[in-house]
């Protein structure tokens, strides 16, 4: 039962993420991305990682994608107003994509997954255990990443402030 | 999974769904009656005694109206918008504990569809998802006013979600759990969270006004600037879905407020009532108490709507970002200090 659900949802996520790339309309693209994130939430639930599932739901689907949609609606992109992409950007994109593929293949080979991964602690994804892990052994990386996010936020505010002063 | 469990949950879901729809239906009637009362009018009084059949008449009218889909609209998303709005409004009821477990034929039946241990976050996720119905509908209508309204709704929801989340954090510091069932059980009798978290409750309530797009924060459907807002192009039952979704949202957020801060199905003297009524009827009495609280909150929603004028958009943003968020953060800090102090001594 669990495996079947997994394969069904995994197929859905692949189809949706392909549609993100192939959809002509940027808004449709974002909507497919939202569906992709929803299937990820289901994957987390299947892994018994309830907290991660709900946080993925709130943060990615409920906040970040709303902002994406918001910006796209404001821009109102269509064929006439879409800026033409120069061939240089396309080449750069191609190279970056190839690099990502090589990295992914490399990491898959390094991990050499022959036997399926088994979660050692079934309850790891529950709030209490996850919190203990995050604020115990992983305290430093956790605090550092939050500092990084804060820096990005301050930077964004600073950039938007500068424009205001000039105009 | 055994069949009895599935049947039990199915009946519970059906009953809750039916009740939410009936409450939403009669909220439209109550809204007009409350408005009439506050403005010294009579309100609807033609259909049935005191006009109590008015919601039925309104429903029939909605169904009978002509269905119009604008030519330039994105047809699929235009239809998906109201459906999504109603769906998101309804699924919030799944984690609310409506009453303490009830004994039916020697079997203890929990009056909660799903006791997930991240219940509070689930509610929060559903609330944040609710804006998609408005955004997709507003965009798919291909109308400038609808689009403006969709954008307003999105930015308003995002802004007030932050303050809402922060106000919940202070509450969670006290309860030490994310499960709504446990949170309600902790508030046994008259030990309600609102007494310990008055500021948190105030922030949460203001935010839920904004999240449900109710006056004084109903900027997305501000008639004076945006015609009808995101549902300008909608007619017939699709418009009805949007209106219904608003009332169901109001019902769900009233239920959440009652559950988180006002003790849910708990009431003073419940132990005495439990011995008096027995294990079958006492939980039902608790459910009635919860609904009484919900009705009070819904009345409060309406009272505010017909009393306070709509905010200006910059006032709304200022209130959200410069007043509510700092207050919520201060509330978290004070709560944290007090809890640390109490634990130490």
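No value in this document is a laboratory result; all are computed from the given coordinates. These numbers were taken from a predicted model, which means no experiment stands behind them. We place every Cβ from the backbone using ideal geometry, glycine too, and count neighbours over all the protein chains shown.
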May I ask you to compute the full-extension gain from residue B:296 to residue B:15, defined as 0.36 nm times their residue separation minus their alpha-carbon distance, rounded to one decimal in nm?
99.0 nm
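Is the shape of segment B:187-345 rounded, prolate or oblate, going by the alpha carbon gyration tensor and its root eigenvalues a ≥ b ≥ c, with a/c under 1.5 for rounded and a/b larger than b/c for prolate? Please list the in-between numbers first.
On the way: a/c = 3.32, a/b = 1.33, b/c = 2.49.
Judged from the Cα gyration tensor, segment B:187-345 comes out oblate (a/c at least 1.5, b/c at or above a/b).
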So how tilted is helix B:270-305 from the main axis of chain B? Cα-based, degrees 0 to 90, rounded to 10.
30 degrees
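Against the empirical 2.2 N^0.38 Å scaling, what ratio does the C-alpha Rg of segment B:64-220 come to? Intermediate values should be presented prior to the final figure.
On the way: Rg = 19.1 Å, N = 157, 2.2 N^0.38 = 15.0 Å.
The value comes to 1.27.
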On each of the three principal axes the extent of the alpha-carbon atoms of segment B:3-344, given in whole Å and largest first, is 62, 48, 47
Please compute the length gained on full extension between residue B:236 and residue B:273, using 0.36 nm multiplied by the number of residues separating them and subtracting their Cα-Cα distance.
8.6 nm
For residue B:191 and residue B:338, extending 7 Å from Cα along the Cα-Cβ vector and measuring point to point gives, in nm, a value of 1.6 nm
When a/c is below 1.5 the answer is rounded, else prolate if a/b is larger than b/c, else oblate, so apply that to segment A:1-78 with a ≥ b ≥ c taken from the square roots of the Cα gyration tensor eigenvalues.
oblate
Roughly how many whole Å is it from the C-alpha centroid of segment B:141-191 to that of segment A:6-69?
22 Å
In nm, the gap between the two label points placed 7 Å beyond Cα toward Cβ at residue A:103 and residue B:8 is 5.0 nm
Between 0 and 90 degrees, rounded to the nearest ten: what's the tilt of helix B:75-91 against the longest Cα principal axis of chain B?
20 degrees
State whether segment B:111-181 is rounded, prolate or oblate according to the following rule on the C-alpha gyration tensor (a ≥ b ≥ c being the square roots of its eigenvalues): a/c under 1.5 gives rounded; otherwise a/b larger than b/c gives prolate, and the remaining case gives oblate.
oblate
Take the alpha-carbon centre of segment B:126-140, take the same for segment B:1-67, and report the distance between them in whole Å.
23 Å
By the mean-Cβ-within-10 Å protection proxy, highest first, B:83-96, B:62-75 rank as B:83-96, B:62-75
Label points 7 Å out from Cα along the Cβ direction at residue A:95 and residue A:47: separation in nm?
3.3 nm
Give me B:37, A:108 ranked fewest to most by other Cβ atoms within 10 Å of their Cβ, as a rough exposure proxy.
A:108, B:37
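Set the Förster radius R0 to 51 Å, insert the Cβ-Cβ distance between residue B:281 and residue B:318 as r into 1/(1 + (r/R0)^6), and round the FRET efficiency to 0.05. Present the calculation step by step, with values, prior to reporting the outcome.
On the way: r = 50 Å, r/R0 = 0.98.
Efficiency, from the Cβ-Cβ distance: 0.55.
So what is the relative contact order of segment B:3-344, in percent, for Cα pairs below 8 Å that sit 6 or more residues apart?
On the way: 496 pairs, mean separation 81.4, N = 342.
Over segment B:3-344, the number comes to 24 percent.
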Principal-axis tilt of helix B:325-344 within chain B, Cα atoms, nearest 10 degrees
10 degrees
